[in-house]
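Asks: Quick one: the structure is below, and I'll ask about it shortly.
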Amino acid sequence: MIRFELEFLEKIENILVQKNTAIELFENLKEVFKKDLKANSFEMFFYDELSEDLRKFSAGWMFSYDKNNDDYRSFLKLSKNHFIFNGVLLEFHKRNKSLIKLVSKLIDEKNNVLYIPILQADKVTGMVKFNFAQFSIAFLKREIMVAIKVAVTMISQTVSNFLINEKMNTNINFYQSMKNIAKVIETQYETSYIIPVIGEILDRFAPEHLVYIFQFDGDENKILWPSNYISGRLDKLLNQIRVNKKVVLSEDNHTIGFPVITEDGLFGAIVADSTYCEMSEKLRGYLEQLVYQSAITLDKANTYAEILKHATTDALTNLYNRGQFDKRIKQEIATAKRNQTNLCSMMIDVDFFKQVNDTYGHAIGDLVLKNLSQIIIEQVRENDTACRYGGEEFIVILPFTTLADAEIVAQRLRSAVEATPFDISHFKIKNKPTLDMTISIGLGEYNYSESIEEFLERVDKALYQAKNDGRNCVKLG
């Protein structure tokens, strides 16, 4: 009997000393419990302070939010000296015969559930759950329950290390998210670009909630991010924010709305919504600070945009900016009309640019835009005007140019980008010294009878067609 217990504990110890990932640890332990204890399944739970609930560890970490289930109720009953078998609280140190007699009455023919506490400094911080199709009373005769308790105690320290690392990662993610939101304004000032970036950062920080960003436009709750919002569903909560300008929490504690207040007043609201997950106090605190940082970023963006109205070049690419483009296109159209000359414009979009930002970060995304702007300058002609239109879009004005000649310039530019490896070696990304990038181009020739807006809309539609037809191509509008 003693030999069985020692061999069992030795197997557990051998698993714990290995440098396993969380998933590998779980799978290896599961195999031992299956072979030695005939357990059909094995699960680990721990109490997570951030979510204020039990967290289940099976094939990886996942949340379990239903506080009315048997697992949560069992956790609340457990103490350091007790275990639970088929819903009944039993003492570890109860006399062997008495324990066997009690357990014998509780054994089910098909399914038996056993909970053992995970302890840290004599405090129950989690539990291990076993399922047995058939529970052998022989385990108790061997005092295998004591061996199981010792094994769980050994496991608890390893689990605690995983928990500590995860809490550290949560704090790191929070400060990284704050930093990322603050950095958005370094190279971008347009709300249409900033809002999606902020939304994605918040979404990644609170993955159990859907994040929505609204702008209060008169009486309308205008959804800015994401696009797939069921209109009117959150109006009651948003209207409360309009009136009180304070954080609003839904009655079921699943949805929370934060007012976004800038120097100009109430801009709108950021809402974190879930159909199954309650909002903990800690997560609420994190989100409140992130929303506050978002409001500061929007304020800076507005200030920056106002300054740039009087500037001519884009800070990141050194090309003409959007404001300068608006002036130059008016001038070029007036000249073309007066002299009855040709005028073309091409709109350029970086293919899969969002994927670059998401995979490698905004610093590499900015480098791509800088390098692309340099290629544009090299490929267009001296009389052409290259501008950064916004985000990853560029636009080039080609005066005194027919559509056929403009297409030659566009194809030359497209080919040059495709043939140029974008050097990112100094970022030291493993096995990725360069990026291969492509662009899509929409091209159009000005018609004297149309307005500027109609002309640019036609070029934009051609760009959309290029992207829709597989990207890395030129389409005429």
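The values are calculated or read from the model by the stated rules, or taken from the named source; none is laboratory data. Quantities reported herein were computed from a predicted structural model and do not represent experimental measurements. Positions of Cβ are generated from backbone atoms using ideal geometry, with glycine treated the same way; all protein chains shown enter the neighbour counts. Side chains included, ligands, DNA and RNA excluded: accessible areas come from the protein's heavy atoms. Shrake-Rupley method; radii C 1.70, N 1.55, O 1.52, S 1.80 Å.
Asks: How fast does the stretch 396-469 diffuse by Stokes-Einstein, in µm²/s, taking the Kirkwood radius from C-alpha pairs at 20 °C and 1.002 mPa s?
Replies: Numbers: Rh = 14.5 Å.
Estimated via Stokes-Einstein, D reaches 148 µm²/s.
Asks: Write down the accessible area per residue of the chain in Å², having rolled a 1.4 Å probe over the full set of protein chains.
Replies: Numbers: 24560 Å² over 477 residues.
Solvent-accessible surface per residue comes out at 51 Å².
Asks: What are the lysines whose alpha-carbon lies under 16 Å from the alpha-carbon of LYS80, with same-chain residues fewer than 8 places away excluded?
Replies: Leaving aside lysines fewer than 8 places away in the same chain, those within reach of LYS80 are LYS94, LYS123, LYS129, LYS149.
Asks: Where nothing but the Cβ of Lys and Arg (+1) and of Asp and Glu (-1) is charged, how large is the charge dipole of the stretch 258-416 around its Cα centre, in debye to the nearest 20? Let's see the in-between values first.
Replies: Working: 16 positive and 22 negative charges, 129 e Å.
Dipole of the stretch 258-416, to the nearest 20 debye: 620 debye.
Asks: Right, next: How about LYS327: which lysines have a C-alpha closer than 26 Å to its C-alpha, ignoring those fewer than 8 places off in the same chain?
Replies: Candidates past the 8-residue exclusion: LYS300, LYS309, LYS337, LYS370, LYS461, LYS475.
Asks: Find the percent of Cα-Cα distances in the chain that exceed 35 Å, and round it to a whole number.
Replies: Taking all Cα-Cα pairs of the chain, the fraction more than 35 Å apart is 53 percent.
Asks: Can you work out the base-10 log of I(q)/I(0) for the stretch 287-387 at q = 0.16 1/Å, using the Debye formula on its C-alpha atoms alone?
Replies: Summing over Cα pairs of the stretch 287-387 leads to -0.92.
Asks: Please give the helix 362-379 orientation as an angle from the longest Cα principal axis of the chain, in degrees from 0 to 90, rounded to the nearest 10.
Replies: In the chain, helix 362-379 runs at an angle near 20 degrees to the longest axis.
Asks: Taking 41 Å as R0, compute the FRET efficiency from the Cβ-Cβ separation of ALA315 and SER449 and round it to 0.05. It would help to have the intermediate numbers written out before the result.
Replies: Working: r = 37 Å, r/R0 = 0.91.
For R0 = 41 Å, the calculated efficiency reads 0.65.
Asks: Separate question: Estimate the FRET efficiency between GLU220 and ASN244 by the formula 1/(1 + (r/R0)^6), using the beta-carbon distance for r and 22 Å for R0, to the nearest 0.05.
Replies: About 0.70, to the nearest 0.05.
Asks: Run lengths n ≥ 4 of DSSP H only: what is the helix-derived mean residue ellipticity at 222 nm for the chain, with -39500 (n - 2.57) per run over all residues, to the nearest 500?
Replies: Rounded to the nearest 500, the figure is -15500 deg cm²/dmol.
Asks: Still on this structure, I have one more. Roughly what would the spin-label model give for LEU102 and THR158, points 7 Å off Cα along C-beta, in nm?
Replies: Taking the simple label geometry, LEU102 and THR158 are separated by 3.0 nm.
Asks: Over the C-alpha atoms of the stretch 245-329, what are the Rg and the largest Cα-to-Cα span, Dmax, in Å?
Replies: That works out to 18.4, 55 Å for Rg and Dmax.
Asks: Let me ask something else about it. Between ILE296 and GLN134, what is the label-point separation in nm under the 7 Å Cα-to-beta-carbon projection?
Replies: Spacing of the two 7 Å Cα→Cβ label points: 6.6 nm.
Asks: Relative to the present Cα-Cα distance, how much length would full extension add between PHE400 and VAL88 at 0.36 nm per residue of separation?
Replies: Numbers: separation 312, 0.36 × 312 = 112.32 nm, distance 8.82 nm.
Between PHE400 and VAL88, full extension yields an extra 103.5 nm.
Asks: Okay, moving on. If amide H atoms are built 1.01 Å from N in the plane of the peptide, which residues on other chains or at least 5 residues away come under 5 Å of the amide H of THR438?
Replies: ASP351
Asks: Could I ask something else about it? Using only Cα atoms, find the angle between the long axis of helix 144-183 and the longest principal axis of the chain, and express it within 0 to 90 degrees, rounded to the nearest 10.
Replies: Taking Cα atoms only, the helix is inclined about 20 degrees.
Asks: Next question. In what order, largest first, do TYR292, TYR304 sit by accessible area if the probe radius is 1.4 Å? Please report the intermediate quantities before stating the final value.
Replies: On the way: TYR292 155, TYR304 50 Å².
From most exposed to least exposed: TYR292, TYR304.
Asks: From the cross-link list LYS183/LYS236; LYS11/LYS97; LYS222/LYS354; LYS183/LYS354, which pairs have alpha carbons spaced over 25 Å apart? Each step should come with its number before you reach the end.
Replies: Values: LYS183/LYS236 33 Å; LYS11/LYS97 28 Å; LYS222/LYS354 23 Å; LYS183/LYS354 17 Å.
Table pairs above 25 Å Cα-Cα are LYS183/LYS236; LYS11/LYS97.
Asks: On the protein heavy atoms, probe 1.4 angstrom, tell me the percent of accessible surface of the chain carried by carbon and sulfur.
Replies: Details: 12090 of 24560 Å².
So the carbon and sulfur contribution to the accessible surface is 49 percent.
Asks: While we're here: Net charge near ASN447: determine it from the other residues with C-beta under 13 Å of the C-beta of ASN447, scoring Lys and Arg +1 and Asp and Glu -1.
Replies: Combined, the nearby Lys, Arg, Asp and Glu give -3.
Asks: Calculate the dipole size of the stretch 407-448 relative to its Cα centre from +1 charges on Lys and Arg beta carbons and -1 charges on Asp and Glu beta carbons; express the result in debye to the nearest 20. Walk me through the numbers before you get to the answer.
Replies: Working: 5 positive and 5 negative charges, 69 e Å.
Using Cβ point charges on Lys, Arg, Asp and Glu, the stretch 407-448 gives about 340 debye.
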